[in-house]
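Have a look at the structure below, then the notes.
Derivation of every value follows stated rules applied to the coordinates shown; laboratory data play no part. All values reported here derive from a predicted model rather than from experimental measurement. Methodologically, a virtual Cβ is constructed for each residue, glycine included, from the backbone with ideal geometry; neighbour enumeration extends over all protein chains shown.
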Amino acid sequence: MKTLITTNLLKFTLVTIILTIIFRMGLSTSITNKMTIAVIICAIVYAVLMWINGNYFGRKEYEYLPIYDIGFRFHLSTFLAHNTVSILWFVFAFESKYENIKVIYVTALIWSVFLIIHFIYYLSVRKTTIKNLDKEDLFE
Amino acid sequence: MTKNLLPDLLSSWEETYKKGQLTLWIFLALKDGQKYVDEIKEFIESKSKNTISCEEQSLYRNLRKYEHIDVVSFENKKGNKGPDRKYYFLTEMGTELLEKFIERNIKLFFSNEINNLLKK
């Protein structure tokens, strides 16, 4: 377990939490002010920054120790961080009056389907590893 | 025409041949005794007569993998200057792995038949 939760994964998760908080702030403000374009811009900027975040720490993780499957571990952490922040956003009543928590639940439900598919892939990949390292990439 | 191709063919073959050799050289360096990364690099480059070159980053990455699968371990020892150095060594499993690898893949080159062919 300790080998699966690495420093790079924790740093990635921390950045994800910060980005998600900023995203929710932008989203709620834009929705409150009925600024459709700002909502779209918020979503695009969040997606781009998350991609950079994943790419940066994922690459660092691979270069340090390529524990399989990096993609799934980062995906799971994004799922947990994003949805926890989103739910807490509603719990602490930071949301816009036009936002509905059901959207968060439905998004999480759809997302969890993809997460399960990714998990099945992760389990199949793990069969080709030795102590979570890819057999073909072990010796150079 | 054929003569001009020879250097390219040779380097292409060598490039393929060298892939996968770094592990063997690292293990040989550690079989020779405990070493820190600079010493491993120096050993590989001098003993391979500079045919194998390796970056320190690449060595660290490999050593982390070997450490993770318990074939290599390290102990911290004082260096001449600055912080402690990690001195790497082969674990019992690492030593056994190297012995088995040599037995199956290297020793066949020392058989009389192959030796004679190489000398021809």
Legend entry - Too-long pairs where the Cα-Cα distance tops 27 Å, listed order kept, from B:K49/B:K81; B:K49/B:K100; A:K11/B:K18; B:K41/B:K107; B:K18/B:K120: B:K49/B:K81; A:K11/B:K18
Inset, instruction - Identify the GluC sites (Glu not before Pro) of the stretch B:23-71 meeting these criteria: DSSP loop state and at most 13 other C-beta atoms within 10 Å of the C-beta. - result: B:E55
Inset, instruction - Pull out the extension gain between B:N76 and B:E14, defined as 0.36 nm times the separation in residues minus the alpha carbon to alpha carbon distance; nm, one decimal. - result: 18.7 nm
Legend entry - Where labels lie 7 Å past Cα in the beta-carbon direction, separation of A:T7 and A:I40 in nm: 4.3
Inset, instruction - Just need the Rg to Rh number for the stretch A:12-59, please, alpha carbons only, Kirkwood Rh. - result: 1.06
Inset, instruction - Give the Rg/Rh ratio for chain B, taking Rg as the radius of gyration of the Cα atoms and Rh as the Kirkwood radius, to two decimals. - result: 1.06
Legend entry - Rg(Cα) / (2.2 N^0.38 Å) computed for the protein assembly as shown, rounded to two decimals: 1.44
Legend entry - Whole-Å semi-axes of the ellipsoid equivalent to chain A (Cα gyration tensor, √5λ, descending): 33, 15, 12
Inset, instruction - Only loop residues by DSSP count here, and only those with at most 16 other Cβ atoms within 10 Å; note down the trypsin sites (Lys or Arg not before Pro) in the stretch B:1-64 that meet that. - result: B:K19, B:K49
Legend entry - Estimated distance in nm for a label pair at B:E92 and A:T32, the labels positioned 7 Å out from Cα along Cα-to-Cβ: 6.6
Inset, instruction - Return the calculated 222 nm mean residue ellipticity for chain B, to the nearest 500 deg cm²/dmol, obtained by summing -39500 (n - 2.57) across DSSP H runs with n ≥ 4 and dividing by the residue count. - result: -17500 deg cm²/dmol
Legend entry - Residue exposure sequence - B:Y17, B:Y66 - by fewest surrounding Cβ within 10 Å: B:Y17, B:Y66
